[in-house]
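Take a look at the structure below.
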Amino acid sequence: MYLRDVTQHNTLDYHLPQDTHLKDKTNRNTKSYLNGSLTPTRFNNETIGILTYTEWGYMSANLASTDPSKRPQTIFWPPSDGESAEDWALACRNSMSYAGRFRINTDLPASATSGQVLHGPMEIASVPTMVNATQVRNYTVVKEVPGGDTILVIWVESPGLRALVYWRRID
């Protein structure tokens, strides 16, 4: 089952792998390029996450850094008065979540393994300005070898910038 088929079947769950195991072993879970050069971003190789698409047409994306310097161990849920606002800001600055409707962009060619998916309009988001926005994501589904992992590659392109995220399907 692939992304395009999800509305007719079950929920699809993907997670960010620590290594995509694709032919190019340098591919890690996220990469960003600015004017052709690899650039550091908030979400690089230490990122983990889960991306979910449901048969009801909803999706959610949850990402967080695994870098201990970006994950203070001094804060707890629910927050308490003695916790540092700086630690909360650091943890929030290095994580992101959003959820809402999704659909395949039918204005562009699409197949079960490649096309463009529209996340949104977002109903909830850890970044308030993302609410009601639509995130445009290009996608390619890669099956490495028969019986191997299924990798969903999602990327965003804008003038001079290309950001890629590799998600491994959870079976």
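The values are calculated or read from the model by the stated rules, or taken from the named source; none is laboratory data. From a predicted model like this one, the values you see are computed outputs, not experimental measurements. Heads up, the Cβs are rebuilt from the backbone with ideal geometry, glycines too, and the neighbour counts pull from every protein chain shown.
Cβ-Cβ distances below 7 Å connect the following pairs, each with a first residue in the stretch 80-102 that is free of Cβ contacts under 8 Å to residues at least 40 places away in the same chain, a second residue that is in a helix (DSSP H, G or I) and surrounded by fewer than 19 Cβ atoms within 10 Å (Cβ to Cβ), and a separation of six or more residues or different chains: LEU90/LYS70.
Of all residues in the stretch 76-101, exactly one satisfies the criterion of being in contact with a Ser or Thr (Cβ under 8 Å, 6 or more places away or on another chain), surrounded by fewer than 17 Cβ atoms within 10 Å (Cβ to Cβ), part of a loop (DSSP other than H, G, I, E, B) and not charged (D, E, K, R), namely SER84. When SER65, SER158, SER69 are screened for being without any contact (Cβ under 8 Å) to a residue 40 or more places away in the chain, buried (at least 16 other Cβ atoms within 10 Å of the Cβ) and among the hydroxyl-bearing types (Ser, Thr, Tyr), only SER65 passes. Each residue in the stretch 104-140 was checked for being among the polar types (S, T, N, Q), exposed (fewer than 14 other Cβ atoms within 10 Å of the Cβ) and in contact (Cβ under 8 Å) with a residue 60 or more places away in the chain, and 1 pass. Considering the conditions (1) of a type in the set (Gly, Ala, Ser); (2) at pLDDT 90 or above; (3) over 19 Å from THR52 (Cβ atoms), GLY147 is excluded by exactly one of them, (2).
Residues in the stretch 133-148 include at least one that is closer than 19 Å to GLY57 by Cβ and assigned to a loop (DSSP other than H, G, I, E, B). Is there a residue being at pLDDT 90 or above, more than 16 Å from the chain's Cα centre (by Cα) and of a type outside the set (Lys, Arg) anywhere in the stretch 40-51? Taking every residue of the stretch 40-51 in turn, none turns out to be at pLDDT 90 or above, more than 16 Å from the chain's Cα centre (by Cα) and of a type outside the set (Lys, Arg).
Considering only the stretch 124-131, I want to know if a residue exists there that is among the hydrophobic types (A, V, I, L, M, F, W, C), in a loop (DSSP other than H, G, I, E, B), under 16 Å from the mean Cα position of the chain (by Cα) and within 30 Å of ASP67 (Cα to Cα). The answer is yes, given that some residue of the stretch 124-131 is among the hydrophobic types (A, V, I, L, M, F, W, C), in a loop (DSSP other than H, G, I, E, B), under 16 Å from the mean Cα position of the chain (by Cα) and within 30 Å of ASP67 (Cα to Cα).
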